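Below is a structure I'd like to ask you about.
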Amino acid sequence: MEFKVYDLSNAIDQFEKKLAEACIQFGTELPYQISEIIDKTRLELTQVKSEFEIATKSQSILENEILDTRIDLARQEDRVGEIGSGIKQVEKESIVASQKENELVANVSKILKTHYPPELERENYYEIRKDLEIYLEKTKYAHKEQLRKMWTLQEDIHLIEEGDKIGSYIPNSDLLKVKQLLNAHRIESMYGSEYLHQLSHDEKQYELERNPALRYSIVILEESFESLNLSFIEQELIRSHVVLVDKTKSSKKDKQSTTNPFLNKQDEMNYLFKDLSYSFLEDEYEFEQWKVMVEKNADDADHEVGAFERKIEQIEKVSKELEVLLSGILKVELSLKLLNLQTEEKKTNEYFI
């Protein structure tokens, strides 16, 4: 088109030049005839120029559209690649998340003794977290109760061990503390149970009938009991379930008796329970049986405390794993993300069809 316009324009210029020469040679009538031809030719030239401009614009628009199409196509190809990579990444993450969640749910089921469905939403995990918190508090409370039981048994074990050193039973730990203080201040004394252990069966009965509290006492062997300076006791002890007995007067009390078989009468107004410690003084075999039972219970309690501690450690470990899980993307959420990517991939591929 461009060359056609140029040739036509050049031809007109040549024609006008030759026309001027013809006018000189042939007269003035020829130009009028030829002028009409020139006008028609000029009109044709104008039309050709217009068509050329239109064609040039159309070509430019078409080229831009082709460029835009190529750019869009390149973008779509890049997006297809990104979607494909995204799908592979989400599939890998889904496998890892599934393994972690399955392991976590299995551990939670073992702890809470509860069955859970294979697919859990975030709200389900929030409920599990709450259940674990409640169960952990209950387990910690049970652990504390078992510790108290174990401490009590350990105190009994300690009293048994200290009693074995003197060949008799020591009823409470306050006696140990008072005896240590008396020894530190060089006051001669002995445990009441130790004193009774040295007596014959009849002598033991005689002493207990007059002073049943003797088994909870420390017998002072000093001659001047009431003149002793015992101020250190007040300074050292917060409490003391201990009876001090003056050895020089212990056998001078009158015999006490009661019709209640479960009590020991101390005097006209004071009574003691006839507890196991009284039986231990009368029956050494029963004392030995009790020692075996206490030692077994102490071992059992120690085992239970260890079991509770392991359970608490396990619950806390699973709770931390649950928090990590909730801070990320869950398996069901990854499944939805994967479905969205696959849908987008399908739509994008339809673009190339």
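The values are calculated or read from the model by the stated rules, or taken from the named source; none is laboratory data. Keep in mind the model is a prediction, meaning the values are calculated, not measured. Here the Cβ positions follow ideal geometry from the backbone for every residue, glycine too, while neighbour counts run over all protein chains shown. Calculation scope for accessible area: heavy atoms of the full protein, side chains included, ligands and nucleic acids excluded. Shrake-Rupley method; radii C 1.70, N 1.55, O 1.52, S 1.80 Å.
Considering region 239-254 alone, what residues qualify as being more than 17 Å from residue 183 (Cβ to Cβ) and either loosely packed, with under 14 Cβ neighbours inside 10 Å or modelled with pLDDT under 80 (or both)?
239, 241, 248, 249, 250, 251, 252, 253, 254 - these are the residues of region 239-254 that are more than 17 Å from residue 183 (Cβ to Cβ) and either loosely packed, with under 14 Cβ neighbours inside 10 Å or modelled with pLDDT under 80 (or both).
If I filter region 330-348 for residues that are surrounded by 16 or more Cβ atoms within 10 Å (Cβ to Cβ) and of a type in the set (Gly, Ala, Ser), do I get at least one hit?
no
Now for a different question. In region 152-171, what count of residues is obtained for those that are surrounded by fewer than 13 Cβ atoms within 10 Å (Cβ to Cβ) and part of a helix (DSSP H, G or I)?
3
How many residues are among the small types (Gly, Ala, Ser) and open to solvent by 60 Å² or more (accessible area, probe 1.4 Å) when one looks only at region 59-76?
Qualifying residue count, region 59-76: 0.
Give me the residue from region 172-201 that is touching a Phe, Trp or Tyr at 6+ places or on another chain (Cβ under 7 Å) and part of a helix (DSSP H, G or I) and, out of that set, surrounded by the most Cβ atoms within 10 Å (Cβ to Cβ).
192
Residue-wise test of (1) modelled with pLDDT under 75; (2) open to solvent by 50 Å² or more (accessible area, probe 1.4 Å); (3) more than 60 Å from the chain's Cα centre (by Cα).
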{"residue": "25", "(1), (2), (3)": "yes, yes, yes"}
{"residue": "43", "(1), (2), (3)": "no, yes, yes"}
{"residue": "54", "(1), (2), (3)": "no, yes, yes"}
{"residue": "78", "(1), (2), (3)": "yes, yes, no"}
{"residue": "84", "(1), (2), (3)": "no, no, no"}
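I would also like to ask the following. Which residue, of 179, 149, is closer than 30 Å to residue 114 by Cβ and either modelled with pLDDT of 90 or more or of a type in the set (Gly, Ala, Ser) (or both)?
149
What number of residues within region 286-334 satisfy the criterion of being part of a helix (DSSP H, G or I) and farther than 21 Å from residue 162 by Cβ?
The number of residues fulfilling the criteria is 30.
Give 298, 307 a once-over and let me know the one that is open to solvent by less than 50 Å² (accessible area, probe 1.4 Å) and free of Cβ contacts under 8 Å to residues at least 12 places away in the same chain.
307
Between a first residue in region 222-248 that is farther than 17 Å from residue 191 by Cα and of a type outside the set (A, V, I, L, M) and a second residue that is outside any loop (DSSP other than H, G, I, E, B) and open to solvent by 70 Å² or more (accessible area, probe 1.4 Å), which pairs have beta carbons less than 9 Å apart while being 6 or more apart in sequence or on different chains?
232/184; 236/177
Checking residue 141 against (1) modelled with pLDDT of 95 or more; (2) in contact with a Lys or Arg (Cβ under 9 Å, 6 or more places away or on another chain), which single condition isn't satisfied?
With respect to (1) modelled with pLDDT of 95 or more; (2) in contact with a Lys or Arg (Cβ under 9 Å, 6 or more places away or on another chain), residue 141 is out only on (2).
Let me ask you something else. Kindly list, by first and then second residue, each pair from a residue in region 89-112 that is closer than 12 Å to residue 128 by Cα to a residue that is among the aromatic types (Phe, Trp, Tyr) and in a helix (DSSP H, G or I), limited to pairs with Cβ atoms under 9 Å and residues at least 6 apart or on different chains.
Listed by first residue and then by second, the contacts come to 104/125; 111/135; 112/135.
May I pose another question? Give me a count of the residues in region 310-329 that are over 14 Å from the mean Cα position of the chain (by Cα), surrounded by 12 or more Cβ atoms within 10 Å (Cβ to Cβ) and within 27 Å of residue 148 (Cα to Cα).
The number of residues fulfilling the criteria is 0.
So how many residues does region 260-291 have that are in contact with a strand residue (DSSP E or B) (Cβ under 7 Å, 6 or more places away or on another chain), open to solvent by 90 Å² or more (accessible area, probe 1.4 Å) and closer than 18 Å to residue 193 by Cα?
2
Among what's in region 220-253 and is part of a helix (DSSP H, G or I) and of a type in the set (Asp, Glu), pick the residue that is nearest to residue 269 (Cα to Cα).
Selected residue: 234.
In this structure, is residue 236 at pLDDT below 85 and surrounded by 11 or more Cβ atoms within 10 Å (Cβ to Cβ)?
yes
Do we find a residue being in contact with a strand residue (DSSP E or B) (Cβ under 6 Å, 6 or more places away or on another chain), among the β-branched types (Val, Ile, Thr) and either open to solvent by less than 10 Å² (accessible area, probe 1.4 Å) or part of a loop (DSSP other than H, G, I, E, B) (or both) anywhere in region 212-219?
yes
Which pairs do you get when a residue that is of a type outside the set (A, V, I, L, M), found in region 65-76, comes within reach of a residue that is not in a helix (DSSP H, G or I), reach meaning Cβ atoms under 7 angstrom, with the pair 6+ apart or on two chains?
Short answer, once both residue conditions are applied: 76/351.
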